[in-house]
Amino acid sequence: MNETTIITHFSEPNWQIVNKLSAISKCLDVKLLHCSSFEKLKKTVKQPFTGKVLFFTDEGMIDFVAELDASSFRSRFEAAMFIFSPISAMAHKISNLRIVKYLIGVQSVESYGRDLAILIKKFSQDDILNLEKYLAFGCKVNERVVSSGKSKRDALEAINNYILRLGDPGYLHPFREYARVVSELTDELLLNAIFNANPKMHGVDRSQPFNLHSREEVRVEWGYDGEYFGVSVRDPFGKFSSNTIMSYLATQKRMGELLVSPSAGLGLKFIFERAHQVIANVKQEQVTEVMVLVKFVNRMRDFEQEKKSFYYFGDESSKSGNKNEEKNENKATYAKG
Amino acid sequence: MKVSVLPNTLMFEGILDEETVPGDLTAAHSKLTSAGISPPVTVDFSRVEYANSIGVVVWLKFTIESSLSFKYVNVPVWLVNQFNMIKGYFENGSFVETVQLPFFCPKTQESRAFTMQLGKEIPILADYSNLKLSMMRFDGKEYELDVNPERYFSFISENFELFKEKIK
């Protein structure tokens, strides 16, 4: 059986994170190699590994990550990078780095445990789908199937009403604002799944009624565990790539460019602007599941300041062909989004 | 999204999404023109719940193609976020007169948005990092500002000269 190895090295000593990762790795029976020096790191990455390797680092190590990405043994590696900069700023730097799959907004170490454990478990076990993994035990997950404009509206209304009823009716609670934010996010996820992922829907007039075949249907799931609200949208096409996502986020469009396509790639920007965590789970040519998590806090100022993270789970290399060809193909698929 | 045409004013209601067709907006423009138009045209999105990316592009295309300047009033929080994310809302000399602003009452943990006028309650500044707004009182409760002003008003600071000229 192939084993998973975690390698850690940071631009500055970061024992809090190393200790946290070490503890989680032991709990999950995953091997961890901490490289306390850069020399040790360079030797370690050249070792022959029998399985996949997840390299935890930070944005201060981006030059080394670029070297690793260009090396002949890059196919064994994926990188998880702790970031201080906004994701949109990081997108400029990493859009061409295939091994960077996880961008984790830096916050207090105490708040990382759950996210890191989920990341390592999904990485090591290849069991990537389902919203339940991100919500606390016992949380009820609701579901709708979207196959037409009407069912899209119904799903959005159901989610909106679900969030509105979370608040006490006699109290000026923030859930009204949260209902709006989640409606915006879900709407964008649905647009991607309906109009961009499905080749049949490319170029159609999006203002016209549509009906999807049962094999093209989109599934929406949502739930709230008292801390995080999660929503997941799943399509049966499996065409999303992390490079595509980062390329779009890295692009600052001019007004003229904005006006020549139906949504001009704005959807992804909206999603990353509002969600606290964006998680893409992709099984090439089979399924794409994009999930967003938002933390419901009392104050909107705290909501705005919450750190943002992005996780991409999927094997992009399973598609044959060279890197540029694949990138161009994906760009063509999503250019209308 | 429903469009209502009032004297020199467009009011919207619903969701600005893919079902908002350019024809709805151009028909409203024709109606405005035939009744006599005096730019800037007042636009009120306060009854629009939110916009998706397709709806935003439809609106921005309309603002460019109509060549009109618009005065945004009662701007809801979602639209302020759009102003701060997308450059292009203030083409043709369009500007904002009044915005909704989130406040929070620490004592009761309640949230409420107050509408405020630029140039009066909200000064026109090139830098909002030191903005201090006084507490708002409503129904016997005291509310404090619940956004980062530097971020929330970046659409003004990034278009400082335009807003300084328009808001006297």
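Here B:N92 clears all of (1) in a helix (DSSP H, G or I); (2) at the interface with chain A (Cβ under 8 Å from one of its Cβ atoms); (3) of a type outside the set (D, E) except the condition numbered (2). For the criterion of being within 20 Å of A:V231 (Cα to Cα), surrounded by 21 or more Cβ atoms within 10 Å (Cβ to Cβ) and among the hydroxyl-bearing types (S, T, Y), A:Y102 passes.
When B:L68 is tested against (1) within 16 Å of B:F163 (Cα to Cα); (2) away from chain A (no Cβ under 14 Å); (3) touching a helix residue (DSSP H, G or I) at 6+ places or on another chain (Cβ under 8 Å), only condition (1) is not met. All conditions in (1) more than 9 Å from chain A (Cβ to nearest Cβ); (2) over 26 Å from B:G14 (Cβ atoms); (3) outside any strand (DSSP E or B); (4) of a type outside the set (D, E) hold for B:R151, with the sole exception of (1).
None of A:D63, A:D58 is within 20 Å of A:E110 (Cβ to Cβ) and either surrounded by fewer than 18 Cβ atoms within 10 Å (Cβ to Cβ) or in contact with a Phe, Trp or Tyr (Cβ under 7 Å, 6 or more places away or on another chain) (or both) except A:D58.
Check B:T33, B:T20, B:T42, B:T63 and return the single one that is of a type in the set (S, T, N, Q) and closer than 26 Å to A:P209 by Cβ.
Details: B:T33 fails: closer than 26 Å to A:P209 by Cβ; B:T42 fails: closer than 26 Å to A:P209 by Cβ; B:T63 fails: closer than 26 Å to A:P209 by Cβ.
Going through B:T33, B:T20, B:T42, B:T63 in turn, just one is of a type in the set (S, T, N, Q) and closer than 26 Å to A:P209 by Cβ: B:T20.
Yes or no: A:S183 within 14 Å of another protein chain (Cβ to nearest Cβ) and not aliphatic (A, V, I, L, M)? So A:S183 fits the description; yes.
Tallying residues that are of a type outside the set (V, I, T), modelled with pLDDT of 95 or more and crowded, with 19+ Cβ neighbours inside 10 Å within region A:11-25 yields 2. Within region A:204-216, if we keep just the residues that are touching a residue at least 40 places away in the same chain (Cβ under 8 Å) and either part of a helix (DSSP H, G or I) or within 14 Å of another protein chain (Cβ to nearest Cβ) (or both), the residue that is nearest to A:L191 (Cα to Cα) turns out to be A:R206.
Filtered by the rule that a residue be loosely packed, with under 10 Cβ neighbours inside 10 Å and either polar (S, T, N, Q) or farther than 22 Å from A:E289 by Cα (or both), region A:206-217 gives A:P209, A:S214.
A single member of A:S85, A:S95, A:S124, A:S147 is touching a helix residue (DSSP H, G or I) at 6+ places or on another chain (Cβ under 7 Å), away from chain B (no Cβ under 14 Å) and in contact (Cβ under 8 Å) with a residue 60 or more places away in the chain, and it is A:S95.
Right, B:F104: more than 16 Å from B:K71 (Cβ to Cβ) and of a type outside the set (D, E) or not?
On the way: more than 16 Å from B:K71 (Cβ to Cβ): yes; of a type outside the set (D, E): yes.
Here the answer is yes, as B:F104 does meet what is asked.
I'm trying to understand the selection: among the residues of region B:21-44, which are in contact (Cβ under 8 Å) with a residue 24 or more places away in the chain and within 13 Å of another protein chain (Cβ to nearest Cβ)? Those that are in contact (Cβ under 8 Å) with a residue 24 or more places away in the chain and within 13 Å of another protein chain (Cβ to nearest Cβ): B:V21, B:P22, B:L25.
Rundown of residues vs (1) crowded, with 18+ Cβ neighbours inside 10 Å; (2) within 26 Å of B:E165 (Cβ to Cβ); (3) within 14 Å of the chain's Cα centre (by Cα), yes/no style:
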{"site": "B:A51", "(1), (2), (3)": "yes, no, yes"}
{"site": "B:G55", "(1), (2), (3)": "yes, no, no"}
{"site": "B:W59", "(1), (2), (3)": "yes, yes, yes"}
{"site": "B:L101", "(1), (2), (3)": "yes, yes, yes"}
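The values are calculated or read from the model by the stated rules, or taken from the named source; none is laboratory data. Bear in mind that the values here come from a model prediction, so they are computed numbers and not experimental data. With ideal geometry, Cβ positions are generated from the backbone for all residues, glycine too; neighbour counts draw on all protein chains shown.
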